[in-house]
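Note sheet for the following structure.
We did not get these values from a lab; they are worked out from the coordinates using the rules stated. Just so you know, these numbers come straight off a predicted model, no measurement behind them. Here the Cβ positions follow ideal geometry from the backbone for every residue, glycine too, while neighbour counts run over all protein chains shown.
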């Protein structure tokens with residue numbers, strides 16, 4: 001996207017952004033399975049293109065609650081106009097899962113659970129039980145979905161639309177219940193050290209049950 | 001005769017002064033520091049009426065191709 005923006009606006013500063021700058025984010029930062037790479041790089045791109053926090057929040061909250069991968073990448077390829085990927089074409093109708101988290105570990109883990117692992121029907125049928133190849137297909141299609149969303153967010157922002165991000169309901173509940181710095185005391189020692197660690201992440205079904 | 005002799009301290013001091021003087025031209029003739037223009041983001045020149053909408057499908061395809069190693073040079077996921 002940055003490359004396209006630089007091409008569209010050659011006198012802008014976007015050509016100065018090094019290609020591959022955010023590749024460190026792959027696999028949740030150098031395969032630490034931490035922040036998903038498409039969240040990491042996507043948020044960085046949104047920041048330097050829009051400078052708007054709401055756009056980033058909307059993107060990340062959308063990632064957290066959306067079932068991936070959609071079948072859009074496959075359908076795009078199946079329609080015949082996208083031949084560059086023939087050798088590594090997306091597969092049809094992969095199992096879908098909601099990450100409920102921005103972590104690669106959770107996002108990919110939940111998908112593996114939904115897919116049934118190496119013995120899952122879809123993994124067996126499409127990849128002969130090669131769960132690593134199946135995961136690669138899933139993550140690539142997830143990137144397709146996310147980049148599509150990122151593009152829409154940037155286009156909308158440039159047209160004057162600033163999103164009102166909707167966080168998971170558990171975030172509000174956590175902030176007001178005193179778990180992490182709201183009213184009341186969860187653990188005074190924790191509150192003293194890190195009064196607002198709750199942030200905007202979905203709390204339940206990820207870190208806390 | 002004795003008065004014309006340099007003490008060890010005087011000799012070393014003089015040597016240091018000569019050495020320092022020999023370096024000084026190189027220091028003083030170095031190009032003056034030039035402020036490098038700072039690139040700031042977002043670049044507001046792309047915003048507003050001049051914005052050229054990006055094609056979501058084309059961008060999404062590119063993202064897929066990059067992570068699959070079909071196209072190099074971009075960011076990966």
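Pick from A:60, A:102: which is touching a strand residue (DSSP E or B) at 6+ places or on another chain (Cβ under 9 Å) and more than 10 Å from chain B (Cβ to nearest Cβ)?
Result of the check over A:60, A:102: A:102.
Here is a list of conditions, (1) within 12 Å of chain B (Cβ to nearest Cβ); (2) surrounded by fewer than 16 Cβ atoms within 10 Å (Cβ to Cβ); (3) within 16 Å of the chain's Cα centre (by Cα), and residue A:65 meets all of them except one; can you say which number that is?
Status for residue A:65: all satisfied but (1).
Name every residue in region A:91-117 that is in contact (Cβ under 8 Å) with a residue 60 or more places away in the chain and in a helix (DSSP H, G or I), in order of residue number.
Residues satisfying the conditions are A:104, A:105, A:106, A:107, A:108.
Give the residue, chosen from A:109, A:80, that is surrounded by fewer than 16 Cβ atoms within 10 Å (Cβ to Cβ) and within 15 Å of the chain's Cα centre (by Cα).
None of the other options fit; the residue is A:109.
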